[in-house]
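Here the structure comes first, spelled out in structure tokens, and everything after it is commentary.
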Amino acid sequence: MKLRVFYFGIILLLSISCSNNKGNQELKDAFFSEIEKKADAGGPIETLINADFEWHRMYHIPDWYTESSISEILGIEWHGPSVEDQYARLLFLDTTDNSTEFFDYGTNGGRINLICCYDVDTVINDCARTFLRKENCVFISEKITSAYYDYKAVSINCKNG
């Protein structure tokens, strides 16, 4: 019996350590689905601002960023996974309690090109720490069908600014 419990523990640890954490898959699926459905319709895509968790800032983090570099960008300790090659991360920060949510999406041969006009918080090591405020996370999408993307989604502050 003890041997079975031991094997079960080993299998459980291996499955947890081998899991590929890409974050809030439900939010990602809803956001990308709405981008495709509303392409060229002109209607706003409000999936992110209507998320079922509280947040104030969204950070766009490119591939190869590590736990420590993400912490530096956020200005708080980040204890999540690094961003893998050929992925980008949308990371949502609740500035009242520093809680976070995120999702990763593929950028190489990805279907959607996100275009954001960012606010700048501070400059760290000659690199601007940029983010979108929640009220600017409404997007308008259009179908473009290029060699790299099928859709582009532009944040409203780019359209208005």
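The values are calculated or read from the model by the stated rules, or taken from the named source; none is laboratory data. The structure displayed is predicted, hence computed values, not measured ones. Every residue, glycine among them, receives a Cβ derived from its backbone with ideal geometry; neighbour counts consider all protein chains shown.
Contact map, the stretch 85-97: first residue over 9 Å from PRO62 (Cα atoms), second residue of a type in the set (D, E, K, R) and in a strand (DSSP E or B), Cβ cut-off under 7 Å, separation 6 or more or different chains; pairs are PHE92/GLU101; LEU93/ARG57; THR95/ARG57. The condition (being at pLDDT 75 or above and more than 13 Å from the chain's Cα centre (by Cα)) is satisfied by just one residue among THR100, THR107, THR122, THR130: THR130. Just one of the listed residues (ASN113, ASN108) is polar (S, T, N, Q) and in a loop (DSSP other than H, G, I, E, B), namely ASN108.
Would you check which residues across the stretch 52-71 are crowded, with 16+ Cβ neighbours inside 10 Å and touching a residue at least 24 places away in the same chain (Cβ under 8 Å) and list them? Scanning the stretch 52-71 gives TRP55, ARG57, MET58, TYR59, ILE61, ASP63, TYR65. Per the listing ILE76, ILE49, the residue uniquely in contact with a helix residue (DSSP H, G or I) (Cβ under 6 Å, 6 or more places away or on another chain), surrounded by fewer than 17 Cβ atoms within 10 Å (Cβ to Cβ), touching a residue at least 12 places away in the same chain (Cβ under 8 Å) and outside any strand (DSSP E or B) is ILE49.
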